[in-house]
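Novice: Handing you this structure, nothing more for now.
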C-alpha cells in the first residue's frame, strides 16, 4: 500500500460527494452505498490499518491519541483534507467544523463506537462541534474536512 494509492481511493469517493451538502441525507447515502461491509469500506479500512502498521498514518501522538493529516485539501480530493486518528476508549479535544466533517468509523478492537455510532459513516453539518469520543474499544477514524477547516477550542 502506498500513500498514492490511498489518495486515489479517497479521490474516488470524494468525486461522488463533491458539492453535496454535509447533512443527514449524505450520512444516509454514504452508509447505504459505502457503509460497513461494502467494498469501499473494506478497502479504506485495510488501507488505514496498513498505513498505521507502516508508520505513514497516525504518526503523531498527543493526549493518548495517535493522529495525522495525511493529505491537505486539493483539487484531486475535491477540496477535502484527510486525517486519520487512532483512539482507544478516550475523549478527544473539543473542536468545531466550520464547513462540516465526514467521518469513517473503523473499529479495530472490541465493539468500538465513535460518538455513539458504530462502524460506518457519520456526517456532521457545518457549524457543528463536539468532543470526539471512542467507547467500547479501539477505532480508527478517517476525517474528511472541506477545505481542511477545523477549529480547536479550549
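Read the figures in this text as sums done on the coordinates, not as results from a lab. Small disclaimer: the values here were computed from a predicted structure and weren't measured. Using ideal geometry, Cβ is built from the backbone for each residue, glycine included, and neighbour counts are taken over all protein chains shown.
Novice: Might you let me know whether the stretch 55-62 holds any residue that is farther than 21 Å from residue 120 by Cβ and touching a helix residue (DSSP H, G or I) at 6+ places or on another chain (Cβ under 7 Å)?
Specialist: Yes, the stretch 55-62 contains a residue that is farther than 21 Å from residue 120 by Cβ and touching a helix residue (DSSP H, G or I) at 6+ places or on another chain (Cβ under 7 Å).
Novice: Which residue out of 31, 88, 59 is without any contact (Cβ under 8 Å) to a residue 24 or more places away in the chain and in contact with a strand residue (DSSP E or B) (Cβ under 6 Å, 6 or more places away or on another chain)?
Specialist: Answer to the selection: 59.
Novice: Of everything in the stretch 63-78, what is in contact (Cβ under 8 Å) with a residue 40 or more places away in the chain and touching a helix residue (DSSP H, G or I) at 6+ places or on another chain (Cβ under 8 Å)? Give them in sequence order.
Specialist: If the condition is that a residue be in contact (Cβ under 8 Å) with a residue 40 or more places away in the chain and touching a helix residue (DSSP H, G or I) at 6+ places or on another chain (Cβ under 8 Å), then 70, 71, 76, 77, 78 are the ones that fit.
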